[in-house]
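Here's the structure we're looking at; comments come further down.
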Amino acid sequence: MGPHSRRPVRVSMLTPVHCRKRQQWAREHQNWTTEQWKKVAWSDESRFLLHPVDGRVHVRVLPGEHMTPGCTMGRRRAGGGSVLLWAMFCWETLGPAIHVDVTLTRSTYLSIVADHVHPFMETLFPDGCGLFQQDNALCHKAEMVQEWFDDHNNQFEVLTPPPNSPDLNPIQHLWDVLDKQVPSMEALKDLTYWCQILQHTFRDLVESMPRQKKMTPEANPSTQLTATTNSTSVDVEQGSDDQHLRVRDYRKLAICSIICGLSCVGIVSLIYSVKSEGNQNKRIFDGKTSHLERDASPEQPEYRKTL
């Protein structure tokens, strides 16, 4: 069996700084029990498009049916409109879901925190042991928002995940549930489908958090790192500094290839050896551990863009 054509797996673009922070976050929470994760209230915002723009929709077509109405899909710029939702939940229950007009500003987010997050946390965690999770969006980190959290730190604490790590927030899976169930944008604004998410769905997500450490670079030291140079990108398995190429070395190779007129394939065929300290054996990078691929246009989110 030879290789098959598959859609690439979409992952977050992580820099070395991101990886180190993810490792630190994994170490700090590696011994957390399910009971501890049950005290976390997860939040996020997500933009749903009226029409998908990434071409992920597939239909089954018989010969001669490719232009029938059931096998075609309208095309709109930027998805033809969108709906932005903010929501939160914890193991105990689903929290409020808010339809946000246009975009989420710092003042709008502060209103959500004061009017919805605060009473939710007071009700579910009256002893002040609750943790409110939010990501590193600019409106979340605004000074006026941070001052509000500082004034209420005796009622609940804020849990911030490492940057560019939406995979560590289980609410992402609830967005997928809405994506599949909501028939229209008006129904999404009505928020009825959010309230209909089954209890075992979001509870299973919280109970899976002790296993999320396996998804961080701490558990897998071979972390994919992508360096982009004009129309090409080089994927490198990032390990110890003395055994693996640095990203800047690939940039130099790409620049040299442009100056010297080498083809893109010529970069891949170059054999780059690195001598480790105290070891005269050369470690060879060939096509098995380093490969070159065309850099496509900027990736579109699968169906939504998480802010």
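Rule-based calculations on the coordinates, nothing more; no lab input. No experiment lies behind these values; they were computed from the predicted model shown. Don't worry about glycine lacking a Cβ; one is built from the backbone with ideal geometry, like all the others, and counts go over all protein chains shown.
What are the trypsin sites (Lys or Arg not before Pro) within segment 134-203 that DSSP puts in a loop, where the Cβ has at most 14 other Cβ atoms within 10 Å?
Here the sparse-neighbourhood loop sites are Lys141.
What separates the Cα centres of segment 173-192 and segment 95-163 is a distance of 23 Å. For Phe132, the residues whose modelled amide H falls within less than 5 Å of its own, excluding neighbours fewer than 5 places apart on the same chain, are Ala41, Glu157, Val158, Leu159.
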